[in-house]
Structures are given as C-alpha cells and as structure tokens.
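What follows is calculated from the coordinates using simple rules that are stated; it is not laboratory data. All values derive from a computational prediction rather than experimental measurement. Cβ sites come from the backbone with ideal geometry, for glycine too, and all protein chains shown count toward neighbours.
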Ligand SMILES: CC(C)(COP(=O)(O)OP(=O)(O)OC[C@H]1O[C@@H](n2cnc3c(N)ncnc32)[C@H](O)[C@@H]1OP(=O)(O)O)[C@@H](O)C(=O)NCCC(=O)NCCS
C-alpha cells in the first residue's frame, strides 16, 4: 500500500508517540515542554494533534484546551526542517474550524515577548495583542520572561487572512 500520494493530514497524538514529539520539541525550543507536560495534556483530554505528510513524517503539532466558549492554544510547533511552508497557518486554520464547531467565541494564546517570529505569524493571522503576563516563562539563570497574551475573535472573522 502506498501512502506517498496523500497530502498532509491531522491526527491525534498517542502516548506511545511522545518520543517522536519530544525530538521535535527539544529542537524547536530553548525551554521545551517536558514529556510530563504532554502526558498531562493527553490525560486531561486536551486536543493534541500532529500534522503529518503523506509519508507519515511529522510536520508539527499543537496542544489546545477547550473552555466553555473559548479555546486556549497552549503549544504550536513546526518541525524545524519544515518551517516556512505554511504548516503553522494550516494548523491554526484547523484549530479555528474546530473551535467554531464548538461555538467558541475566542481563541487565546501566550507567546514569549522575545519570540518575534511567532508574534508576527499570529498578527498576520488576525490575532490582537490584548495583555502581558509578567515573568510567565522560565528564562534560564537570568530569571523569567514576559508573555504577550494574544486573542482572535472567532465571531467577527471569516476565513484566515492572507
Ligand atoms: C513560529 C512557527 C510555529 C511558525 O511555523 P511555520 O510553519 O514556519 O509558519 P508558516 O509557514 O505558517 O508561516 C511562517 C512564514 O512562512 C511563510 N509561508 C507560508 N506559507 C508558505 C509557503 N507555502 N511557501 C513559503 N512560505 C510560506 C509565511 O508567509 C510566513 O512568512 P515569514 O517567513 O515572514 O514569517 C515555527 O517557526 C516554530 O515552530 N517555531 C518554534 C516554536 C515556536 O516558537 N512556536 C510558537 C510558540 S507561541
């Protein structure tokens, strides 16, 4: 059976796949989530999905928590060899569609103040900067780093911006 002609697909991440996930997580972040953070996410029933290509290669993944009428994006990561190809945007599109299906009105996230690239992606996507959490992230021996809180209104917005 050949799987090479299929396009990218989104699949739930299983506990037994966390070695593959952690290999990407530790490459992508100076302060990665621990394996325990991902186990807790699965156990808590958060949405943990991987984006794979037609050969089953991991392109990225995300973790999102469903609230009553909102979604909180906790982790969005693209495997370094596959950056700049629209995979982050594609995962956001899927998360927005899933959130709207649940009648969520808003999508929230936090991003490191120093992570200009991710902030630019979210801004282009339509997120607005709505707050600051001081000292939210660990930042090595020098202490802590602020988080920018961003939010996307799912009721006002139609399709993803170009
Ligand atoms: C931030 C991050 C998620 C972006 O992922 P990505 O898949 O590269 O993002 P996208 O491709 O969707 O968009 C990023 C860029 O690619 C461009 N792009 C989108 N589709 C493209 C395509 N088909 N071909 C070429 N470029 C494309 C976008 O215009 C954008 O331009 P930029 O280079 O000026 O930023 C990724 O770099 C990452 O995982 N970083 C490390 C972890 C991290 O910081 N996560 C966010 C934590 S809040």
* Structure fact -> Listed residues 104, 139, 113; largest mean-square fluctuation, Gaussian network over the chain with Cα springs below 10 Å, found at 139
* **Calculated P(r) of region 9-153 - Cα pairs past 27 Å, %** => 17 percent
* To do: Please report 152, 142 as a ranked list, fewest other C-beta atoms within 10 angstrom at the top and most at the bottom.
  => 142, 152
* Provide 106, 134, 11 in ascending order of the number of other Cβ atoms located within 10 Å of each residue's Cβ, fewest first. => 134, 11, 106
* Structure fact -> Quick note, region 75-123: a/c under 1.5 would make it rounded; otherwise a/b > b/c is prolate and the rest oblate (a ≥ b ≥ c, C-alpha gyration tensor); here it is oblate
* Set the Förster distance to 25 Å, then compute FRET efficiency between residue 139 and residue 43 from the Cβ-Cβ distance, nearest 0.05. => 0.35
* To do: Set the Förster distance to 22 Å, then compute FRET efficiency between residue 27 and residue 116 from the Cβ-Cβ distance, nearest 0.05.
  => 0.70
* Asked: What spacing in nm lies between the two simple spin-label points modelled at residue 19 and residue 65, each 7 Å away from Cα in the Cβ direction?
  -> 3.0 nm
* Fewest Cβ neighbours within 10 Å first, please rank 95, 121 accordingly. => 121, 95
* So for the pair residue 55, residue 6, with labels modelled 7 Å out along Cα→Cβ, what separation do we get in nm? -> 1.6 nm
* Structure fact -> So, for the Cα atoms of region 41-116, Rg and Dmax in Å stand at 12.9, 36
* Asked: Given the Cα-Cα distance of residue 100 and residue 130 and 0.36 nm per residue of separation, how much length would full extension add, in nm?
  -> 8.7 nm
